[in-house]
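The values are calculated or read from the model by the stated rules, or taken from the named source; none is laboratory data. Not measured: the values here are computed from a predicted model. For neighbour counting, all protein chains shown are included, and Cβ atoms are generated from backbone atoms with ideal geometry for every residue, glycine included.
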Amino acid sequence: MEKQFLLKINFIRHGLTAGNETKKYIGRTDENLSEKGIDMLKNIKYPECDILFVSPMKRCIQTAEIIYPDKKYTICDDLRECDFGDFEGKNYQELKDNILYQKWIDSNGTDTFPNGENPENFKKRCVKAFLEIIKNTDSKNISFVVHGGTIMAILEKLSNKSFYEWHIENAHGFITEYDGEKINVWKKF
């Protein structure tokens, strides 16, 4: 029997970390939430869900445990953030004179990060993981507590906007519906 679609899917970006507060590239670095990040999470009303999936990174697990304290979650390794390679843990100010950083900027973010992950491979990894989860769950109301880049990758592939148009601030997200082919965003919070 063919699976019936029209799922409510909530995409939530993890709360602030110290690296986020200083605008650093934080991908493979497994940072905890900052105090400010924890406080922010406690002051936002998050959508209910029946089932919860999270990235394996501490910042996502901590976020999920704060906003869904009574909900069990499933960790999905392939929903982790991109590996920023040599740019990891640095911000624009620290990288602005780096020739490789300028080359990456000039590529509109499509070049592979030096000693890091290829952005297209990152996007494919995230979308594949998302589609696999959807295929294997019977829930109609799902939340994902993941990274900004993960959300952007999935929404770019399954909606009508480009990657950078889906940027979302820490602790915020999107309430969407998925019909098995396309995601429609109903609300940003």
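Which residues, taken from the stretch 31-90, are touching a Gly at 6+ places or on another chain (Cβ under 6 Å), surrounded by 22 or more Cβ atoms within 10 Å (Cβ to Cβ) and of a type in the set (D, E, K, R)?
Result: E81, single match.
Could you please let me know if F189 is buried (at least 16 other Cβ atoms within 10 Å of the Cβ) and aromatic (F, W, Y)?
No, not satisfied.
Among (1) touching a helix residue (DSSP H, G or I) at 6+ places or on another chain (Cβ under 7 Å); (2) surrounded by 15 or more Cβ atoms within 10 Å (Cβ to Cβ), where does S143 come up short?
(1)
Filter the stretch 151-186 for residues that are aromatic (F, W, Y) and surrounded by fewer than 17 Cβ atoms within 10 Å (Cβ to Cβ) and give the result.
Y164, W186
Can you tell me which residue in the stretch 1-18 is farthest from the chain's Cα centre (by Cα), limited to those that are closer than 11 Å to K140 by Cβ and at pLDDT 95 or above?
The residue in question is L7.
Could you tell me which of the residues E81, E94 is closer than 18 Å to F113 by Cβ and in a loop (DSSP other than H, G, I, E, B)?
Unique residue meeting the criteria: E81.
Does P56 satisfy being free of Cβ contacts under 8 Å to residues at least 24 places away in the same chain and part of a loop (DSSP other than H, G, I, E, B)?
no
Consider the stretch 1-52. How many of its residues are more than 21 Å from H167 (Cβ to Cβ) and outside any loop (DSSP other than H, G, I, E, B)?
Count: 8.
Of the residues S139, S143, which is of a type in the set (S, T, Y), out of contact with any Leu (no Cβ under 7 Å at 6 or more places or on another chain) and within 22 Å of L52 (Cβ to Cβ)?
After applying the criteria, what remains is S139.
Tell me the residue from K96, K71, K123 that is without any contact (Cβ under 8 Å) to a residue 12 or more places away in the chain and touching a helix residue (DSSP H, G or I) at 6+ places or on another chain (Cβ under 9 Å), please.
Criteria check complete, one pass: K96.
Against the conditions (1) surrounded by fewer than 12 Cβ atoms within 10 Å (Cβ to Cβ); (2) under 25 Å from K58 (Cβ atoms), where does G148 fall short? Just the number, please.
(1)
I need every pair where a residue in the stretch 20-42 that is on the phi > 0 side of the Ramachandran plot has its Cβ under 7 Å from the Cβ of a residue that is modelled with pLDDT of 95 or more, sequence separation at least 6 or different chains.
K23/N91; K23/Y92
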